[in-house]
Amino acid sequence: MSFNTKKCRVIHVGRTNQRHKYSMEGQTLDRVDSEKDLGIMISSDLKSSNQCIQACSKASKMLGMIKRTISYKKPEIMVRLYKTLVRPHLEYCVSAWSSHYIKDKELLERVQHRFTRMIKEVRGKDYLDR
């Protein structure tokens, strides 16, 4: 099997890793700190912060699209749109990258908080009651 050496990269995992240079077909492979594979950001420290940031960004873009394009914002429709368009971005492969840090959980929670403010009927209530 032949490999495209331009697309191959090396991630050194661990603090005690000796960080050797690797080559394939006479070309030295690029070293990177993080790489995206099957939609999941894998970093050299194996933390999921980059994945949470990426998921939040995509979910926020979907929320913005819903806010701009949907004029009939009844709670039933909004919840259905949220579950269909936004939540999949927040939950994609969560079993592989499950957030461990409070800052990452708060980042993901902020998207949901923003969504609940979009619904007029529950806007005046406390966030936990929404």
Practice task
For the stretch 52-82, name all the residues that are among the small types (Gly, Ala, Ser) and over 16 Å from Arg117 (Cβ atoms).
Solution key: Ala55, Ser57, Ser71
Completion exercise
Output for Cβ contacts, cut-off 8 Å, separation at least six or different chains, first residue polar (S, T, N, Q) in the stretch 51-64, second assigned to a helix (DSSP H, G or I) and buried (at least 18 other Cβ atoms within 10 Å of the Cβ), reads Gln51/Trp97; Ser60/Val111
Handout entry: The lone exception for His100 - which of (1) over 30 Å from Asp126 (Cα atoms); (2) at pLDDT below 90; (3) not charged (D, E, K, R) it fails
Key = (1)
Exercise for the section: Inspect the stretch 31-47 for any residue being within 29 Å of Lys103 (Cα to Cα), of a type in the set (A, V, I, L, M, F, W, C) and exposed (fewer than 10 other Cβ atoms within 10 Å of the Cβ) and give the result as yes or no. Expected result: yes
Completion exercise
Within the stretch 40-81, the residues that are among the small types (Gly, Ala, Ser) and in contact with a helix residue (DSSP H, G or I) (Cβ under 9 Å, 6 or more places away or on another chain) are Ser43, Ser48, Ser49, Ala55, Ser57, Ala59, Ser60
Exercise for the section: Considering each of Thr84, Thr16, Thr5, Thr69 in turn, give the residue that is surrounded by 13 or more Cβ atoms within 10 Å (Cβ to Cβ) and either free of Cβ contacts under 8 Å to residues at least 12 places away in the same chain or in contact with an Asp or Glu (Cβ under 6 Å, 6 or more places away or on another chain) (or both). Expected result: Thr5
Fill in the blank from the handout: Filtering helices (runs of 4 or more DSSP H) wholly in the stretch 50-125 for at least 3 residues that are hydrophobic (A, V, I, L, M, F, W, C) gives 75-81, 94-97, 102-118
Exercise for the section: Go through the stretch 32-49 and give me each residue that's of a type in the set (Val, Ile, Thr) and outside any loop (DSSP other than H, G, I, E, B). Expected result: Ile40, Ile42
Handout entry: Set Glu109, Glu91: member being free of Cβ contacts under 8 Å to residues at least 60 places away in the same chain, over 30 Å from Val10 (Cα atoms) and among the charged types (D, E, K, R)
Key = Glu109
Exercise for the section: Could you check how many residues of the stretch 15-31 are touching a Ser or Thr at 6+ places or on another chain (Cβ under 8 Å) and either assigned to a strand (DSSP E or B) or closer than 30 Å to Glu91 by Cβ (or both)? Expected result: 2
Completion exercise
Just one listed residue, out of Gln54, Gln27, Gln18, is under 30 Å from Leu85 (Cβ atoms) and at pLDDT 85 or above, and it is Gln54
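The values are calculated or read from the model by the stated rules, or taken from the named source; none is laboratory data. Remember, predicted model here, so these are calculated numbers, not experimental data. Note: ideal-geometry Cβ built from the backbone for every residue, glycine included; neighbour counts use all protein chains shown.
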